[in-house]
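K.L.:
One structure follows; several queries about it will come next.
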Amino acid sequence: MTAYNDLMSFDKTTQALSQVAGRLGWDQETMMPAGAVAQRAEEHGAMASVLHGRRTDPRIGAWLEAAEPTDEVEAANLRHISRDYARNAKVPERLAVALASTTSRAHRIWADAREAEDVAAFLPILKEVIALRQEEAAAIADGARPYDALLQDYEPGTTEAEIAAMFDALRPGLVALRAAVLDKPAAPSLDQVFDEAGQLALSTKLAQAFGYDMSTGRIDKAVHPFSSGSGLDVRITTRTSPRDPFNCFYSTIHEVGHAAYEQGIDRAYLLTPLGRGVSMGVHESQSRIYENQLGRSRAFTGWLYGQMRDTFGDFGIADEAAFYACVNRVTDGFIRTEADEVQYNLHVMLRFDLERALMAGDLLPDDLEGAWNDRFAADFGYAVDRPSNGVLQDVHWSEGLFGYFPTYSLGNVYAGCLHVALRDAVPGLDADLARGDTKAATGWLRENLQRHGGLYEPKDIITRAAGRAPDVGPLLSYLEAKFTEIYGL
Ligand code: ZN
């Protein structure tokens, strides 16, 4: 077993360095002085160079050849390392470093362009990022479709065709439900300022109610909420909006879902390939089930209503039923991250179609804004008013994350499947949630999914936990039932 042990020992250092690189990213979003951008790009590039050297070290190939797994944990570790090694060995170091430093610079240029509503200022660096990712995709694709190659970075085992089929199955039901809901009188909305200190205090209480372990985590503010890290250092960020405290509360619950997954993984897998969430889609299934099926449920919003009245006094919503409708309000809007459950996946479909056209070279960056605006008007029935509400709203493309967007919808579909199984397994769930108690729900998710980390492949872990192969049916049924009740369809 020397080969296996040598390999795992070498990989552990790589995993630790990778966590350090991730923390540089966390710092860039939360703490870094604005003037440090150029130096940080160098630092990212240096880490990428070190990591690339380790991930393509020829000794890995020799160890993989000699290692014989003796159980399913060892087999899973070897599977991950072997897949990553095969991928990374195809990417020249020059390209890996260029991707890291270019996307690090692109992030600031995107943020400034978004602030200035200036798409033209973003286009030159976007073209660089696209060209680099196309080059990388071509290198790792092995003759397969480049977009399929990129998808593997986020959702191993899935394909563009499979996702397109999932969207084809989802879309008609969502479009019909959206039309029916928007035809009804609007749900009540909030109409006052909620002080920031109150929002942050209740946000922290929500994080703890959902089981976020503050002894191995922390909450900071960021422009875009995110979670980062694994194992014993899993951090989340949130944001506040004076008139929209739900933005803060549900961002926090969402990120806690991600963080709880990482914190819930078996500690024996710390700093091994199994010690991280297995895919972005499975990750998103946790954040979305925490945020939506649990956090936006009738039972839990009843508890939240009381908490908000304790924190902010009377805020103009008459009772729990009106509050439930308010939390789940379906309304026009431009922003994906603020979209309700009915419309969220339509925002993702738009991005999926545009980014696969960009990667295939069928859509040129110069034509991206026009294509976005045309598609948005066709899907939502009104025109994008400014780039920060349109093509510049998301950070992903500046970071080169082509292939990432569809995993959000995959996560919603997985969450729909898990929710059915969770309800079967925990019959008293609503009584718990009505007291703000999520222990049974999060405990079920930890036991059946989170603790396994990377042990099983994405579709396999969902199938094991949900007791069925993933499909769109449960999500559509859940949405139809929920919004039929709220809007009296
Ligand atoms: Zn998420």
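The values are calculated or read from the model by the stated rules, or taken from the named source; none is laboratory data. Here the structure is a predicted model, which means the values were calculated and not measured. When we count neighbours, we look across all protein chains shown, and the Cβ atoms used for this are built from the backbone with ideal geometry, even at glycine.
K.L.:
Take the residues in region 71-108 that are at pLDDT 95 or above and among the hydroxyl-bearing types (S, T, Y), then tell me which one is nearest to E457 (Cα to Cα).
P.N.:
Result: S82.
K.L.:
If I filter region 344-373 down to residues being surrounded by 16 or more Cβ atoms within 10 Å (Cβ to Cβ) and small (G, A, S), which single residue comes out as farthest from A139 (Cα to Cα)?
P.N.:
Taking the candidates together, the pick is A371.
K.L.:
Hey, another quick one. Applying the selection to region 15-34, what residues are surrounded by fewer than 16 Cβ atoms within 10 Å (Cβ to Cβ) and out of contact with any helix residue (DSSP H, G or I) (no Cβ under 9 Å at 6 or more places or on another chain)?
P.N.:
Selection gives A16, R23, M31, P33.
K.L.:
Output the number of the condition that N247 fails; it satisfies all remaining conditions of (1) within 11 Å of the ligand (Cβ to nearest atom); (2) in contact (Cβ under 8 Å) with a residue 60 or more places away in the chain.
P.N.:
(1)
K.L.:
Out of everything in region 210-227 that is part of a loop (DSSP other than H, G, I, E, B) and small (G, A, S), what residue ends up being farthest from R446 (Cα to Cα)?
P.N.:
Residues of region 210-227 that are part of a loop (DSSP other than H, G, I, E, B), as a first pass: 210-213, 217-218, 222-226.
So of that shortlist, the ones also small (G, A, S) come out as 211, 217, 222.
Details: G211: 11, G217: 17, A222: 27 Å.
Per the stated criteria, the residue is A222.
K.L.:
Please go through (1) away from the ligand (no atom under 16 Å from the Cβ); (2) in contact with a Pro (Cβ under 6 Å, 6 or more places away or on another chain) for L346 and return the number of the only condition it doesn't satisfy.
P.N.:
Result: L346 fails condition (2) only.
K.L.:
Let me ask something else about it. I'm told T237 meets every condition in (1) more than 16 Å from the ligand (Cβ to nearest atom); (2) surrounded by fewer than 23 Cβ atoms within 10 Å (Cβ to Cβ); (3) closer than 21 Å to M214 by Cβ except one. Can you identify the failing condition by its number?
P.N.:
(1)
K.L.:
Here is a further query. Identify all residues within region 271-282 that are more than 15 Å from the ligand (Cβ to nearest atom) and either among the small types (G, A, S) or without any contact (Cβ under 8 Å) to a residue 40 or more places away in the chain (or both); write none if there are none.
P.N.:
Once the filter is applied, which keeps residues that are more than 15 Å from the ligand (Cβ to nearest atom) and either among the small types (G, A, S) or without any contact (Cβ under 8 Å) to a residue 40 or more places away in the chain (or both), region 271-282 yields only G275.
K.L.:
Also, quick follow-up: Within region 451-471, is there a residue that is buried (at least 21 other Cβ atoms within 10 Å of the Cβ) and within 21 Å of L346 (Cα to Cα)?
P.N.:
Within region 451-471, one or more residues are buried (at least 21 other Cβ atoms within 10 Å of the Cβ) and within 21 Å of L346 (Cα to Cα).
K.L.:
Give just the number: which of (1) within 21 Å of the chain's Cα centre (by Cα); (2) free of Cβ contacts under 8 Å to residues at least 24 places away in the same chain does F167 not satisfy?
P.N.:
It fails just one condition, (2).
K.L.:
Is at least one residue of region 184-193 within 30 Å of D460 (Cα to Cα) and surrounded by fewer than 15 Cβ atoms within 10 Å (Cβ to Cβ)? Lay out the reasoning, then the answer.
P.N.:
The first filter runs over region 184-193 and keeps only residues within 30 Å of D460 (Cα to Cα), leaving none.
The answer is no; no qualifying residue exists.
K.L.:
Also: Could you tell me how many of the residues in region 391-432 are away from the ligand (no atom under 16 Å from the Cβ), touching a residue at least 40 places away in the same chain (Cβ under 8 Å) and part of a loop (DSSP other than H, G, I, E, B)?
P.N.:
4
K.L.:
Are there any pairs with C-beta distances below 6 angstrom linking a residue in region 433-451 that is touching a residue at least 12 places away in the same chain (Cβ under 8 Å) and within 11 Å of A465 (Cβ to Cβ) to a residue that is among the small types (G, A, S) and surrounded by fewer than 20 Cβ atoms within 10 Å (Cβ to Cβ), with the two at least 6 apart or on different chains, and if so which?
P.N.:
W444/A425
K.L.:
Considering region 375-390 alone, what residues qualify as being of a type outside the set (G, A, S) and assigned to a loop (DSSP other than H, G, I, E, B)?
P.N.:
Applying the first criterion (of a type outside the set (G, A, S)) to region 375-390 yields 375-376, 379-380, 382, 384-387, 389.
Within region 375-390, Y382, V384, D385, R386 meet the criteria.
K.L.:
Give S230, S285 a once-over and let me know the one that is within 16 Å of the ligand (Cβ to nearest atom), more than 28 Å from E196 (Cβ to Cβ), touching a residue at least 24 places away in the same chain (Cβ under 8 Å) and part of a loop (DSSP other than H, G, I, E, B).
P.N.:
Numbers: S285 fails: part of a loop (DSSP other than H, G, I, E, B).
Matching residue, one of S230, S285: S230.
K.L.:
Residues in region 215-227 that are closer than 14 Å to D27 by Cβ and within 13 Å of the ligand (Cβ to nearest atom): how many?
P.N.:
So the answer is 1.
K.L.:
If you don't mind, there's one more thing I want to ask. Out of (1) within 26 Å of L363 (Cβ to Cβ); (2) within 26 Å of the chain's Cα centre (by Cα), the odd one out for A76 is which?
P.N.:
Every listed condition holds for A76 apart from (1).
K.L.:
Just to be sure, is A259 under 26 Å from I461 (Cα atoms), within 16 Å of the ligand (Cβ to nearest atom), among the hydrophobic types (A, V, I, L, M, F, W, C) and touching a helix residue (DSSP H, G or I) at 6+ places or on another chain (Cβ under 9 Å)? Even if it seems obvious, please write down each step before you answer.
P.N.:
Working: under 26 Å from I461 (Cα atoms): yes; within 16 Å of the ligand (Cβ to nearest atom): yes; among the hydrophobic types (A, V, I, L, M, F, W, C): yes; touching a helix residue (DSSP H, G or I) at 6+ places or on another chain (Cβ under 9 Å): yes.
Taking the combined requirement at face value, the residue satisfies it.
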